């Protein structure tokens with residue numbers, strides 16, 4: 001009987017053997033706003049709330065931009081130390097979320113995760129790097145804005161703006177608190193008739209030492225008066241079969257025009273039913289891809305010569321995948 005009680009007591013003691021217990025004063029830290037390129041750090045106090053020593057075995061970082069320091073790796077019961085996380089914001093932008101995994105011999109929580117975040121800003125934060133003007137009319141205007149937001153609560157000062165080689169584009173800076181609004185406009189009347197699209201560079205100079213020069217791409221294309229019902233034709237299927245698509249060329253203002261010529265980049269591609277030299281506000285014809293085409297991929301262009309004063313050429317891309 002005494003032996004039985006002794007065994008039971010031993011089992012009870014083994015079941016309730018003292019254990020280390022890891023505990024932190026906080027599990028998350030928010031750095032708030034941090035300027036890009038700055039380095040920040042925070043500390044998490046770690047305490048052993050168990051009755052036997054706690055061994056911190058390892059600390060794993062979620063990325064190479066952080067590293068950690070430990071006051072000491074072995075904590076006696078009731079003893080505390082710290083884990084330090086450091087963040088280098090070089091090259092970062094926006095809201096950043098990172099984490100650390102603390103590995104210890106706490107049997108209940110062998111891996112404890114600590115997290116931190118930061119809102120990384122720049123001294124000057126443009127709302128976009130590209131402005132796109134689609135289908136500008138030759139007799140029309142279009143407008144767009146770019147906001148230069150201050151990330152350090154200091155006013156942004158723009159000293160000069162220029163768009164070299166683009167007299168049809170203008171930019172007027174406008175102060176708005178610490179920010180600057182760049183009002184960009186395009187005048188279709190000043191775009192050369194022979195140009196249908198382009199990319200220009202807006203150069204903005206400021207008094208900021210880190211960002212003395214900012215550059216923005218301005219992409220634009222002109223709405224052509226004569227349009228095709230199919231700007232691109234794609235055929236897929238087996239070789240040995242003729243492929244056909246009906247296309248209509250139409251003047252957006254209902255004005256009559258002539259198609260003077262039609263040239264194909266391949267003898268396999270033909271235009272059928274087009275009356276060259278006939279004046280009309282609409283021209284309908286068929287584009288045919290020959291049944292003699294062999295298996296493979298084709299990328300061809302149909303070029304139409306027009307007599308319109310605003311548009312003397314129109315192209316239709318044709319692709320075929322025969323297998």
Quiz item: Among the residues of the range 209-222, is there at least one that is modelled with pLDDT under 95 and either closer than 14 Å to residue 314 by Cα or not in a loop (DSSP other than H, G, I, E, B) (or both)?
Solution: yes
Self-check item: Boolean, residue 106 is assigned by TED's automatic domain parsing to the domain that holds residue 32, surrounded by 17 or more Cβ atoms within 10 Å (Cβ to Cβ) and either more than 24 Å from residue 178 (Cβ to Cβ) or at pLDDT 95 or above (or both)
Solution: yes
Quiz item: Are any of the residues in the range 147-160 closer than 13 Å to residue 217 by Cα and either in contact (Cβ under 8 Å) with a residue 60 or more places away in the chain or surrounded by 16 or more Cβ atoms within 10 Å (Cβ to Cβ) (or both)?
Solution: no
Quiz item: Based on what the data block shows, is residue 239 without any contact (Cβ under 8 Å) to a residue 24 or more places away in the chain, surrounded by fewer than 16 Cβ atoms within 10 Å (Cβ to Cβ) and farther than 26 Å from residue 196 by Cβ?
Solution: no
Self-check item: Where residue 135 falls short, out of the listed (1) surrounded by fewer than 17 Cβ atoms within 10 Å (Cβ to Cβ); (2) assigned to a strand (DSSP E or B); (3) modelled with pLDDT of 90 or more
Solution: (3)
Quiz item: If you take the residues of the range 195-208 that are over 21 Å from the mean Cα position of the chain (by Cα) and surrounded by 14 or more Cβ atoms within 10 Å (Cβ to Cβ), which of them is modelled with the lowest pLDDT?
Solution: 196
Quiz item: Out of the range 283-315, which residues are more than 41 Å from the chain's Cα centre (by Cα) and farther than 29 Å from residue 241 by Cβ?
Solution: 307
Quiz item: Looking at this structure, is residue 230 surrounded by 14 or more Cβ atoms within 10 Å (Cβ to Cβ) and outside any strand (DSSP E or B)?
Solution: yes
Quiz item: For residue 99, are the conditions met, namely being without any contact (Cβ under 8 Å) to a residue 40 or more places away in the chain, surrounded by 13 or more Cβ atoms within 10 Å (Cβ to Cβ) and in contact with a strand residue (DSSP E or B) (Cβ under 7 Å, 6 or more places away or on another chain)?
Solution: yes
Quiz item: Looking at the range 178-199, which of its residues are in contact with a strand residue (DSSP E or B) (Cβ under 8 Å, 6 or more places away or on another chain) and either farther than 14 Å from residue 216 by Cα or part of a helix (DSSP H, G or I) (or both)?
Solution: 178, 179, 180, 186, 187, 188, 191, 195, 196, 197
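The values are calculated or read from the model by the stated rules, or taken from the named source; none is laboratory data. Not measured: the values here are computed from a predicted model. Heads up, the Cβs are rebuilt from the backbone with ideal geometry, glycines too, and the neighbour counts pull from every protein chain shown.
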